[in-house]
Amino acid sequence: MSTPTKETSAPAAPAQTSAARRVLTGIGVQNSSLIITLIALVILLSVLNENFFRTNNLLLIGSAITIMGLLALVQTLVIILGALDISVGSMAGLASVVSAMVFTSTGNSEVGILAAVGVGILCGLVNGMIIIFGRVNPVVATLAMLATYKGIAQVISDGKAQGYTGGDDLFIFLAKGSVLGLPSLVWVFLIVAALLHFLLKYTDIGRNVYAIGGNDTAARLAGININRYIIGVYALVGVVAAIAGVLITARTGSGQPTSGSEGLELQAVTGAALGGTMLKGGRGSIISTVLAVIILGVLDNGMSGLGINPFWQNVAHGALLVIAVVLQQLRSGERRVGLPE
């Protein structure tokens, strides 16, 4: 009589664990951390403020982050290249003044917007040429141009708001319009983010930008024209800064030489660094920057909703920038300044 044998099989790995790993790998560790932070922040603010999750408030957050978000996106691009642009806020202020003054002179909003974009491109080209031909460090060059562009905006506007765009259909649509339930401002941010993400991730231009930021010597030996990329990237920064300036004009109804653009440089760098863009270049992601910008917007809105003094927002942004940079240094494994090996 034969003894019945039991069929045994090796325990299979849980399908859910494997699926979760695939999702985590697809999202990325950096993005996963940002998403978890955002969810935790939203839950906390929802508990502390019952009005936080109202639709109007969420749309307000989206509109509020647009201008800072646009500058953080292009700051991500220029940092990946291995450089920095401290003049983005001043460029936005100058573009705002130009768009309003040209509109007032011509009565044509499209001409005013094109003039602002032209000024932005010119400013970006000037920054790039100073860095290349003057052999000036990007931080020093753009810090000098921050003061220059701010001064030009104040000179041509006499330091006052210029023009009135509140009666123009295009400016009204940019400031208060909506498409499919989302404010026009949010659409502008999403479109620019999508274009820059595509440029960096799916084109040779993006791959070369990463290569230059990672190792400019190797990139030069590989035949990449680094000077051309510096000029091109800074010109693109000028375009997006000009778009931000036009949105400032649309939101305020006039050209603003400094109001609305003051402090945007710090916010842009904070957004990029918080999103994991390595300040020494070669690493970064537009999607991560978008998540970081949303976190900053939610934090600012939450602090305002809780009645916290708005000046503390600057303190929070500065602290977040320090934390982001410290974490980058710890991850890189580089020796700390002033400490033994």
Here, Leu122 and Ser304, labelled 7 Å along Cα→Cβ, have an inter-label distance in nm of 3.4 nm
Mean projected area, convex hull of alpha-carbon positions in the chain, reported to one decimal in nm², is 27.4 nm²
What does the accessible area per residue of the chain come to in Å², with a 1.4 Å probe and no ligands, DNA or RNA counted? 52 Å²
Crossing angle, helix 184-202 versus the chain [Cα axis fit, 0-90 degrees, rounded to tens]: 60 degrees
I'd like the FRET efficiency for Gln154 and Ile132, computed as 1/(1 + (r/R0)^6) with the beta carbon distance as r and R0 of 30 Å, rounded to 0.05. 0.60
Note down the relative contact order for the chain as a percent, whole number, built from C-alpha pairs under 8 angstrom at least six residues apart. 31 percent
What angle, in degrees between 0 and 90 and rounded to the nearest 10, separates the Cα long axis of helix 286-305 from the longest principal axis of the Cα atoms of the chain? 70 degrees
Report the full-extension gain for the segment Thr106 to Arg207: residue separation times 0.36 nm, less the Cα-Cα distance, to one decimal in nm. 32.2 nm
I'd like the orientation of helix 15-27 relative to the chain: the angle between its Cα long axis and the longest Cα principal axis, in ° from 0 to 90, rounded to 10. 20 degrees
Sum -39500 (n - 2.57) across every DSSP H segment of at least 4 residues in the chain, then divide by the residue count to get the 222 nm mean residue ellipticity, nearest 500. -24000 deg cm²/dmol
Dipole check, the chain, charges on Cβ (K,R +1; D,E -1), about Cα centroid: among Leu174, Val117, Leu279 the Cα furthest to the positive pole belongs to Leu279
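Roll a 1.4 angstrom probe over the protein heavy atoms and tell me the percent of accessible area of the chain that is carbon or sulfur. Please list the in-between numbers first.
Details: 11430 of 17690 Å².
For the chain, the apolar C and S fraction of the accessible surface comes to 65 percent.
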Taking R0 as 41 Å, what FRET efficiency do you get between Ala40 and Phe173 from their Cβ-Cβ distance, rounded to the nearest 0.05? 0.70
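The values are calculated or read from the model by the stated rules, or taken from the named source; none is laboratory data. Everything numeric here is computed off the predicted structure, so don't read it as measured data. All Cβ positions, glycine included, derive from the backbone under ideal geometry; neighbour counts span all protein chains shown. Calculation scope for accessible area: heavy atoms of the full protein, side chains included, ligands and nucleic acids excluded. Shrake-Rupley method; radii C 1.70, N 1.55, O 1.52, S 1.80 Å.
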